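The values are calculated or read from the model by the stated rules, or taken from the named source; none is laboratory data. Just so it is clear, the model here is predicted, and its values are computed rather than measured. So basically every Cβ, Gly included, is an ideal-geometry build from the backbone, and we count neighbours across all protein chains shown.
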Amino acid sequence: MKRRIETTINGRHYSLEVEPRKTLLAVLRDQLLLTGTKEGCGTGDCGACTVLLDGQPVTSCLMLAVEADGREVITIEGIASDGELHLVQQALVEVGGMQCGFCTPGFVLSIVALLEENPKPSEDEIRRALAGNLCRCTGYTKIIEGVQLAARRMRSGKERRRA
């Protein structure tokens with residue numbers, strides 16, 4: 001038996017009928033066709049499926065969609081605005097902080113959450129914040145450089161803030 005949930009995803013209100021056993025990841029990808037969120041491991045270990053739930057990073061493969069009832073979800077599709085990359089995305093591109101890109105959406109959302117909470121993180125704080133995100137091809141040096149670049153730009157007021 002399906003359950004009705006009310007949620008806001010990327011700034012848009014949704015009233016959805018979902019099966020209670022469906023993960024948020026499955027509903028995002030299969031029902032709403034928001035395919036930027038990736039399924040990597042399916043066990044919450046890789047971070048590829050990271051989304052923001054009320055501003056905090058969560059692994060959507062472990063969260064039931066019914067848990068999003070009455071809450072705000074941001075996916076990678078909700079990060080860019082007016083056809084322009086978010087400051088974090090742009091910084092990662094500039095420093096070469098991605099290769100295949102499969103893990104990138106999860107990293108971007110984790111980084112956005114980190115910088116919203118801590119605009120001047122140390123390298124150790126960055127590493128801790130990204131510990132739940134795995135990359136198999138880029139390595140972490142360039143990703144950390146991207147976080148540091150984005151943080152500097154945010155502090156200098158060059159960020160385009162999301163509404």
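Please state which one of 139, 101, 106, 96 is among the small types (Gly, Ala, Ser), under 19 Å from residue 36 (Cα atoms), loosely packed, with under 14 Cβ neighbours inside 10 Å and not assigned by TED's automatic domain parsing to the domain that holds residue 11.
Numbers: 139 fails: under 19 Å from residue 36 (Cα atoms); 106 fails: loosely packed, with under 14 Cβ neighbours inside 10 Å; 96 fails: under 19 Å from residue 36 (Cα atoms).
Answer to the check: 101.
Given the structure, is residue 55 in contact (Cβ under 8 Å) with a residue 12 or more places away in the chain and over 15 Å from residue 107 (Cβ atoms)? Yes. Taking every residue in the stretch 124-142 that is of a type in the set (A, V, I, L, M, F, W, C) and pairing it with any residue that is surrounded by 14 or more Cβ atoms within 10 Å (Cβ to Cβ) and assigned to a helix (DSSP H, G or I), at least 6 positions away or on another chain, the pairs with Cβ-Cβ distances below 6 Å are 126/144; 126/147; 129/114; 130/110. Among the residues of the stretch 67-90, is there at least one that is loosely packed, with under 14 Cβ neighbours inside 10 Å, under 15 Å from the mean Cα position of the chain (by Cα), within 24 Å of residue 53 (Cβ to Cβ) and charged (D, E, K, R)? Looking for residues that are loosely packed, with under 14 Cβ neighbours inside 10 Å, under 15 Å from the mean Cα position of the chain (by Cα), within 24 Å of residue 53 (Cβ to Cβ) and charged (D, E, K, R), one finds none in the stretch 67-90, hence no. In the stretch 143-163, which residue that is within 18 Å of the chain's Cα centre (by Cα) and at pLDDT below 80 is farthest from residue 103 (Cα to Cα)? Only one residue tops the list, namely 163.
Residues in the stretch 6-58 that are more than 27 Å from residue 135 (Cα to Cα), buried (at least 17 other Cβ atoms within 10 Å of the Cβ) and out of contact with any Gly (no Cβ under 8 Å at 6 or more places or on another chain): 16, 18. Whether any residue in the stretch 1-14 is modelled with pLDDT under 95 and more than 30 Å from residue 82 (Cβ to Cβ) is what I want to check. Yes - at least one qualifying residue is present in the stretch 1-14.
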